[in-house]
Amino acid sequence: MKIERVELRRMRVPIKAPFETSFGRLFHKETVVVRVLGGGLHGLGESTAFPHPFYNEETNDTIWHILRDYAVPALLGKTLEHPREVSQLLGWVRGNRMALSALEGAVWDLWARQKGEPLARLLGGTRGEIEVGVSIGIEPTVEAVLANVEKFVAEGYRRIKIKVKPGFDVEPVGAIRGRFGPGLPLMVDANSAYTLADLPRLRELDAFGLLMIEQPLAHDDIIDHARLQAELETPVCLDESIHTLADARKALELGSCRTINIKIGRVGGLAHAVAIHDLCQQQGVPVWCGGMMELGIGRAHNIAIASLPGFSIAGDTSASSRSFAEDIVEPVVDFCSPGKLAVPQRPGIGYEINPHALEKFTLHTETFAP
Ligand code: OSB
Ligand code: MG
């Protein structure tokens, strides 16, 4: 597979409801879309970085810099036998995993399209459809959270996740349990809002029979999480703390978590994501696919990885309509039956760019050729 041309695009797409972060509220999804061309076909990738470094250290500007100055030049004009060579060629780059992942994802898509095979199958996927859940952000009131849960349960979402922080945790969870009963698959994500000093509060959450508590402690910790997991019945899930296969191995060895949220971008691409999946599967640890409010290209990559057998818990890849009135792919990512997304049987990621939406939402394009 020869990499003949690479196109980078800065995109800005309105989101339906403002997205609350520790930096402020976001009204648009801003990201970088990568298109790799070769042999008369193209492959699509999408960065999962945000415009501000609140989730990890990468931003749209660092993505652009790493792609333009290092990653794209390393591949241009090269002939690859397999997409895993992308992370081998760029293995010397420290960090910047979301940047490398955006390009690697496009190369995987091109490779799959050239073979005429669905990406999911080439990754080792075995599912024809995946069950999905939804992630509900911090809301101003418990009532607003309940209204969201009501809406998404009615739409068919298989699992509800709410964001929590000290002072907004036991009340919303208790209210959801009160309204929807103990049978609703419910979990919380703290995005590192607690410390071990909050153990009493976390013990209160432990009493609600949650599916898991995601990333309660520091974003760079696996030691305190092991101490916390030993105190809780509820499985701890790690998100921010797991960047590599070695991180996953160490966290499992220490008992820092009982499940891992795999995000393709956070771990540097599909090859690394598959490796973490395989390790967890060998150890009988269930994994699930996280979300970064991706546009359709990123969602399509998530669907492909979530079709692997170890992804046994519903992920955060909602239908496009959860976040966007208009997405950049066709068909739009939507349920095949309530709470389920079909794994496309078409070549590559199985979604095409919607040229009208692409032009409408592109801020800037740069094309690279040898
Ligand atoms: O921690 O999983 C997270 C969104 C942005 C940044 C971090 C996280 C999230 C989500 C998933 O919770 C949102 C989604 O894709 O719908
Ligand atoms: Mg998370």
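Laid out as a table, the results:
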item	result
P(r) weight above 17 Å for segment 132-194, C-alpha pairs, percent	30
Spin-label zone in segment 170-198 - amide nitrogen under 15 Å from a point set 7 Å from the Cα of ASP206 along the C-beta vector	195-198
Extended-chain gain in nm, criterion 0.36 nm per residue less alpha-carbon gap, HIS65 and ILE15	15.5 nm
Long-range lysine pairs (8 or more apart or interchain), the chain, Cα under 17 Å	11
Counting all C-alpha pairs of segment 238-281, share separated by more than 17 Å (%)	15
Order of exposure, largest accessible area first, which applies to ARG322, ARG113 with probe 1.4 Å	ARG322, ARG113
Counted charge near SER87, where neighbours are those whose Cβ lies closer than 11 Å (Asp, Glu -1; Lys, Arg +1)	0
Among PHE335, PHE54, PHE23, residue whose mean-square fluctuation peaks in a GNM of the chain (springs only between Cα atoms under 10 Å)	PHE23
Relative contact order computed over segment 46-171 (Cα-Cα under 8 Å; 6+ residues apart), in percent	19
Convex hull per residue volume in Å³, alpha carbons only, for segment 296-370	133
Area of GLU150 that stays accessible when all protein chains are in place (1.4 Å probe, Å², to 10)	90
For ILE15, residues with placed amide H under 5 Å, excluding near neighbours	HIS28, LYS29
Accessible area in the full protein assembly, largest first, 1.4 Å probe, for MET293, MET98	MET293, MET98
For segment 268-329, convex hull of alpha carbons as volume per residue, Å³	73
The chain: antiparallel DSSP beta bridges as a percent of all, rounded to 5	60
Estimated vicinal HN-Hα couplings, Hz - segment 314-320 in sequence order (Karplus 6.51, -1.76, 1.60; Gly, Pro = x)	4, x, 9, 7, 6, 4, 3
Cα-based convex hull, segment 1-103, per residue volume (Å³, whole number)	95
Ellipsoid semi-axes in whole angstrom, largest first, where each is sqrt(5λ) of the Cα gyration tensor of segment 184-294	22, 14, 13
Length added when fully stretched, GLN88-SER337, from 0.36 nm per residue minus Cα-Cα	85.7 nm
Zero-based 10 Å bins, Cα pair distances in segment 327-368, whole percents	24, 42, 27, 8, 0
Top of LEU254, LEU238, LEU100 by mean-square fluctuation, Gaussian network on the chain, Cα under 10 Å	LEU254
Cα principal axis extents for the chain, largest first, Å	59, 41, 37
Vicinal HN-Hα couplings computed from phi for segment 64-79 (Karplus, 6.51 cos²θ - 1.76 cosθ + 1.60; Hz; Gly/Pro x)	4, 4, 5, 5, 5, 8, 10, 6, 5, x, 5, 9, 4, x, 7, 10
Solvent-accessible surface ranking, highest first, for PHE368, PHE152, PHE27 at 1.4 angstrom	PHE27, PHE368, PHE152
Contact order relative to length of segment 162-278, as percent, for alpha carbon pairs under 8 angstrom and 6 or more apart	20
The chain: relative contact order as a whole-number percent, Cα under 8 Å and 6+ apart	22
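The values are calculated or read from the model by the stated rules, or taken from the named source; none is laboratory data. Being a predicted model, the structure only gives us computed values, none of them experimental. Virtual Cβ from ideal backbone geometry, glycine too; neighbours counted across all protein chains shown. Areas reflect the complete protein model, heavy atoms only, side chains present, ligands, DNA and RNA absent. Shrake-Rupley method; radii C 1.70, N 1.55, O 1.52, S 1.80 Å.
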